Amino acid sequence: MLKKPAPARPGASTDSPWSPSRAKTRQLKREAVILAAARAFREHGYHNTSLEDVASALNVTKPTIYYYVANKEEILFECFRAGLDQIKSVFGDLDASKHTAREKLRVLIRHYGAAIAGEFGWCMVRAEDQDLSPAMSARVKALKSEIDQRIRGLIKEGIKDGSVGNCDPKMTAFAIAGALNWISHWYHKDASLSPAEVGEAFALVFDHTLKPR
């Protein structure tokens, strides 16, 4: 049973799902832990953030955090996966779509860019640099490869259906991912464009770039 929340600490989040006035399920609370961690990692870095910091942001105790995640490495992986899930959420629609491959690629790039500019963007790009265990590193690489292969597949499909100009699918996919991942280095929440607008801007650029000449 969760302990009664302590009095709010200075700077603690006012929308913590542990607020006595809000009844939340375990899943929503776990998502709140992951989101709070993602924000802390982005602000202070992975190694400079402790689980005590995450607990403080949510106005709960450190043992409460362990009810939802096993350790800090797992929470980083869950932040990484939460961001990738925002990209993968369109896979089903893309598979069912009758649009050209370039149009599908534009949708994928739009979601990719928005995810990188979003709350989990830092974790998506920097997770692999944080001295992860071999097992966790392999899981991260496998998920990243899934996105890479999807982009390459759409490029190949576009060359075949004539909607994408002739190019090297592997190098083109690297160029797209590299440009999108770099968003995490310069985008800030208070920027003039929202994450969705950033994603759309990049989608337009690459849509124009990939057109047959």
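Collect the residues in region 61-101 that are more than 21 Å from His47 (Cα to Cα) and part of a helix (DSSP H, G or I), keeping them in residue-number order.
Leu84, Asp85, Gln86, Ile87, Lys88, Phe91, Gly92, Asp93, Leu94, Asp95, Ala96, Ala101
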Exercise for the section: State all residues of region 167-196 that are surrounded by 14 or more Cβ atoms within 10 Å (Cβ to Cβ), of a type outside the set (Gly, Ala, Ser) and either modelled with pLDDT under 95 or assigned to a helix (DSSP H, G or I) (or both); if no residue qualifies, say none. Expected result: Pro169, Thr172, Phe174, Ile176, Leu180, Asn181, Ile183, Tyr187, Pro195
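Suppose we keep only residues that are among the aliphatic types (A, V, I, L, M) and free of Cβ contacts under 8 Å to residues at least 40 places away in the same chain within region 125-145. Which one would you say is nearest to Ile87 (Cα to Cα)?
Filtering region 125-145 down to residues among the aliphatic types (A, V, I, L, M) leaves 125, 127, 132, 135-136, 138, 140, 142-143.
Narrowing further to those that are free of Cβ contacts under 8 Å to residues at least 40 places away in the same chain: 135, 138, 142.
Numbers: Ala135: 23, Ala138: 20, Ala142: 15 Å.
The qualifying residue nearest to Ile87 (Cα to Cα) is Ala142.
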Fill in the blank from the handout: Note on region 38-73: residues under 19 Å from the mean Cα position of the chain (by Cα) and without any contact (Cβ under 8 Å) to a residue 60 or more places away in the chain are Ala40, Glu43, His44, Gly45, Thr49, Val54, Val69, Lys72
Exercise for the section: Might you check whether a residue that is under 30 Å from Glu43 (Cα atoms) and either modelled with pLDDT of 95 or more or of a type outside the set (Asp, Glu) (or both) occurs anywhere in region 154-166? Expected result: no
Exercise for the section: Go through (1) modelled with pLDDT under 95; (2) surrounded by 23 or more Cβ atoms within 10 Å (Cβ to Cβ); (3) of a type in the set (Ser, Thr, Tyr) and name the single condition Tyr68 misses. Expected result: (2)
Exercise for the section: Could you check, for region 136-155, whether at least one of its residues is assigned to a loop (DSSP other than H, G, I, E, B) and touching a Phe, Trp or Tyr at 6+ places or on another chain (Cβ under 8 Å)? Expected result: no
Exercise for the section: Report yes if some residue within region 115-124 is on the phi < 0 side of the Ramachandran plot and out of contact with any helix residue (DSSP H, G or I) (no Cβ under 6 Å at 6 or more places or on another chain); otherwise report no. Expected result: no
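The values are calculated or read from the model by the stated rules, or taken from the named source; none is laboratory data. Since the model is a prediction, treat every value here as computed from it, not as a measurement. Backbone-built Cβ (ideal geometry, glycine too); neighbour counts: all protein chains shown.
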